[in-house]
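Everything below concerns the one structure shown next.
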Amino acid sequence: MKARDLFFWAGVGFLGFLVLLAVFGPTFRHHYLDKVGLPFEPPGARFWLGTDELGRDVFARIAYGARVSLTVGLIVQGLALLIGTAVGVIGVYAPRWISNPVMRLTDGMFAFPDILLAILIIGVWRRGMVPVIVALAITAWPGIARLVRTQVASLRHREFVQAARAMGGSTVYVVTRHVLPQMMGVLLAVSMVELAGTILAESSLSFLGIGIEAPDPSWGSLIDSARANMNAYPLLLLWPCLILSLSIFALNFVGDGLRERLDPRSR
Amino acid sequence: MRLARALALRLLFGLLSLVFISFVTFVADELAPGDAVTVLAGEKASQEEKDRLREELGLNRPWPVRYGEFVVRAAQLDFGTSYYGIKEPVSEILKRDLPMTARLALMAIALAALLGVGLGTVAALWENRWPDRLALTLSTLGVTVPNFVLAPLLVYVFSLQLGLVPQVWSPVRTLPDISYLILPVVILSARPAALLTRLTRASMIETLKQEFVRLAIAKGVPPVRLVFRHALRNAILPVVTAVGTSFGFLLTGSFIVERAFLLPGIGRETIEAIQQGNTPVLQACILVTGAMFILVNLIVDLLLPILDPRVREAQV
């Protein structure tokens, strides 16, 4: 087995663990909000990863953070895929007076720094999970739209699409039955990498104190509070940093691996 | 003539982006639930008190009028006064915060360009050998490890364990400023440096394969001169454009770094403004940050024809 395959399967394994952690972890031992021990207890049999500055179970908080990250990430990527695909198809098939301004807007939003726009949206709206999801979805779709547009534009003139056209298929039929299924692999691979970006963005916002609201934990806010308590108990910093970095690595490896496996052109 | 027209178009596009940002900044506030008047007067204020305050702040006029006024005043760098504290003019706040963010960003982009071009060139010259693998591993780490993970880890090692640099910025400083800024700048430059490394490497490998390089080797040009005068000058052009786009990462990265190191800059001011609901300060911060991003990318685009005769001639 080559090193690349090893990384891919390690990534798949880690993501599986992450999903299990997100689904079952928060209900497993202690509640993530309860003060169940003394502050800064070291890792042990009772608290696998120790306790935080208020005596809450770090494992439970990390696990709940995984749930937050995956929920936000999956919803945002779902929305981005829906909007991005629709806009990308419009960019190719709609008449120019519609597609031109739409794609200009997409390019403009793509160039604008994501976090800045998200901060603006959250700043004037409110904090919490819903604004974070909306803000990140608004910044995530232009990337997908640009990808879909180039893919659809290149598929449009392939024989099987032309044939479906010639047999009298309507635009909607041709796009949904012949063009889009061709792109599933690429979109899935890209979504994995984009998911890493979304999880990072959510953690960044929570680190800045404008994302998921305390006392609910997110990996970003866990890192921030561990940073604040670094002088007293630096070990607290290790766990959220570790799980976040590993998740980003895993998603990138899996995304790259999927692209190689699903996109025949990159073989 | 065509070059002039292309430049004018680029300038117009920059201006349009600026209008777009100002509009988004303004409208975002209009659409937001909650009201400045309620925040200022308090929940318990009577309707009359609220009306008077609304009148005083000029919030009772229709929005196009207020947008026009917002733009005209923003162009004169007048963003109103802060809702809270001593209600000082927002422009004063910006004047105080901007130098820190600008200093961070400029130092970080300089370091990133130096590191990126250096590492990328080394990687390309020793393609597929250990310097190349080292550079690629470093750049993968730089892209994937988020800066808010990097920041506390580096602070732990270099401040807490080794005691080389202070942990955070402080209003009273006993050491020269640079010792407080070195960690933030390194962290801020990590991601752009990693991206520039990859780009320089790819561009340099491409350039080294070209005939004029082979000719230069055949003609006996000394290696150092070959790399710097012949290859790098050609390979650097796509990298210059990327420096502009990296600036976007820098601006958002400075939010993180300013929080992690308590640096008094635009990023920290923005977050504080959000947490207080201080709309004028928030609007001004976002507008200024966005304008800086547009301006830097504009400068980079205008610089390209000066650096690259091919771009210059293609458009003439």
Practice problem: Please determine, by comparing only the residues of region B:147-183 that are open to solvent by 30 Å² or more (accessible area, probe 1.4 Å), assigned to a helix (DSSP H, G or I) and within 11 Å of another protein chain (Cβ to nearest Cβ), which one is farthest from B:R96 (Cα to Cα). | Solution: B:Q161
Exercise. Would you point out the residue of region A:119-136, among those that are more than 9 Å from chain B (Cβ to nearest Cβ) and assigned to a helix (DSSP H, G or I), that is surrounded by the most Cβ atoms within 10 Å (Cβ to Cβ)?
Key: A:L136
Quiz item: Looking at B:A193, B:A231, B:A218, B:A235, which one is over 26 Å from the mean Cα position of the chain (by Cα), away from chain A (no Cβ under 14 Å) and open to solvent by less than 20 Å² (accessible area, probe 1.4 Å)?
Solution: B:A231
Quiz item: Looking at region A:152-267, what helices (runs of 4 or more DSSP H) fall wholly within it and have at least 2 residues that are at pLDDT 85 or above, among the aromatic types (F, W, Y) and within 17 Å of the chain's Cα centre (by Cα)?
Solution: A:235-262
Practice problem: Determine whether region B:297-304 contains at least one residue that is open to solvent by 20 Å² or more (accessible area, probe 1.4 Å) and within 11 Å of another protein chain (Cβ to nearest Cβ). | Solution: yes
Practice problem: Determine whether A:L244 is surrounded by fewer than 23 Cβ atoms within 10 Å (Cβ to Cβ) and facing chain B (nearest Cβ under 10 Å). | Solution: no
Quiz prompt | B:T121 vs. criteria among the β-branched types (V, I, T), surrounded by fewer than 24 Cβ atoms within 10 Å (Cβ to Cβ), touching a residue at least 24 places away in the same chain (Cβ under 8 Å) and farther than 28 Å from A:S247 by Cβ | solution = yes
Exercise. Hand me the list of helices (runs of 4 or more DSSP H) wholly inside region B:2-93 holding 2 or more residues that are at pLDDT below 80, closer than 30 Å to B:G244 by Cα and open to solvent by less than 70 Å² (accessible area, probe 1.4 Å).
Key: B:2-31
Quiz item: Looking at region B:95-114, which of its residues are surrounded by fewer than 22 Cβ atoms within 10 Å (Cβ to Cβ) and closer than 30 Å to B:V224 by Cα?
Solution: B:L106, B:M107, B:A110, B:L111, B:A113, B:L114
Exercise. Pick out the one residue from A:L147, A:L200 that is surrounded by fewer than 21 Cβ atoms within 10 Å (Cβ to Cβ) and in contact (Cβ under 8 Å) with a residue 40 or more places away in the chain.
Key: A:L147
Exercise. Please state which of the following conditions B:I256 fails to meet, knowing it meets all the rest: (1) within 23 Å of B:G116 (Cβ to Cβ); (2) of a type in the set (V, I, T); (3) within 9 Å of chain A (Cβ to nearest Cβ); (4) open to solvent by 20 Å² or more (accessible area, probe 1.4 Å).
Key: (4)
Quiz item: In region A:14-35, is there at least one residue being touching a Pro at 6+ places or on another chain (Cβ under 8 Å), modelled with pLDDT of 75 or more, open to solvent by less than 60 Å² (accessible area, probe 1.4 Å) and over 20 Å from A:A214 (Cβ atoms)?
Solution: no
Quiz prompt | Conditions (1) outside any helix (DSSP H, G or I); (2) facing chain A (nearest Cβ under 9 Å): number failed by B:L263 | solution = (2)
Quiz item: Given the conditions (1) within 14 Å of another protein chain (Cβ to nearest Cβ); (2) among the small types (G, A, S); (3) open to solvent by 60 Å² or more (accessible area, probe 1.4 Å), and given that A:G108 satisfies all but one, which numbered condition is not satisfied?
Solution: (3)
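The values are calculated or read from the model by the stated rules, or taken from the named source; none is laboratory data. As the structure is a prediction and not an experimental result, all values here were calculated from the model. Cβ sites come from the backbone with ideal geometry, for glycine too, and all protein chains shown count toward neighbours. Accessible surface areas use protein heavy atoms only, side chains included; no ligands, DNA or RNA. Shrake-Rupley method; radii C 1.70, N 1.55, O 1.52, S 1.80 Å.
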